[in-house]
1. Test of understanding: among Arg207, Arg150, Arg114, Arg119, which residue is of a type in the set (D, E, K, R) and either in contact with a Gly (Cβ under 9 Å, 6 or more places away or on another chain) or at pLDDT 90 or above (or both)?
2. Considering only the range 79-118, state which residues are closer than 27 Å to Glu206 by Cα and of a type in the set (Val, Ile, Thr).
3. For the range 94-203, give me every one of the helices (runs of 4 or more DSSP H) that falls completely inside it and has 3 or more residues that are more than 30 Å from Arg81 (Cβ to Cβ).
4. Hey, could you check the range 181-203 for residues that are in contact with a helix residue (DSSP H, G or I) (Cβ under 8 Å, 6 or more places away or on another chain) and farther than 20 Å from Ala106 by Cβ and say which is modelled with the lowest pLDDT?
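The values are calculated or read from the model by the stated rules, or taken from the named source; none is laboratory data. None of the values given here were measured: they were computed from a predicted structure. Please note: Cβ atoms are built from the backbone with ideal geometry, for glycine as well, and neighbour counts cover all protein chains shown.
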Amino acid sequence: MKSLSRHYGQLRSEKGAGTLWAMLFCLAAVFAYLKGGQAFLTEHLDPIYHVVVVISIAVAALFTIGCTLHLMAKGDRSTRRLRLETKKETNELEEFVVLARGRIDALKSEASQRHATFRPHGRISLEMAERIINAIDRRAHELNLLLNSRNKFDIIDAHELLTAKLEIVENCVDSLIGGDPIKPLDRTEWFGIVDKLVSEVDVELERAAA
């Protein structure tokens, strides 16, 4: 997950180093002109060439300052936009978790009432849906921790984490409620798989109630 951050950091470092050297060159040129260059140019150059040199130094300094401000502003806007986009999708994950947990709790309650006729397939689907929802909830929590940071690299890491595969890690709680291991899930699969599992439970409950 750090590869993109390192690339971004290296790119920003190269831009920053180039801008810094340009600024130092312009400052050195201005300093040299003020310390003795003005007298030297006045003595050895025609006035017209003196003016050209002064204008060239001024233009170079203004251009460098302008580029610096532009890069700073562009970088800040990009980071803000990335944070807003990632936060929006994180909020969608949290909303889905709330809705899915409400639905799963209702299904668990109904399944417990039909314990005698509720087959293992439906119970396994219900447990898998709950494990995936727990994993999505943990992912949303990790995303919020990164998004609340003021570090720009954390925002980039959050964006990359959002699209990373969802690992359904077996901890002690999952081992108690879970069944077979679940393969890592692509971001595009999360909602669809939970919906499919919930639908399977619905079908099984309808069969159990018949």
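1. Going through Arg207, Arg150, Arg114, Arg119 in turn, the sole match is Arg207.
2. Answer for the range 79-118, where residues must be closer than 27 Å to Glu206 by Cα and of a type in the set (Val, Ile, Thr): Val97, Val98, Ile104, Thr117.
3. Those helices (runs of 4 or more DSSP H) span 120-147, 172-177.
4. Among residues in the range 181-203 that are in contact with a helix residue (DSSP H, G or I) (Cβ under 8 Å, 6 or more places away or on another chain) and farther than 20 Å from Ala106 by Cβ, the one modelled with the lowest pLDDT is Ile182.
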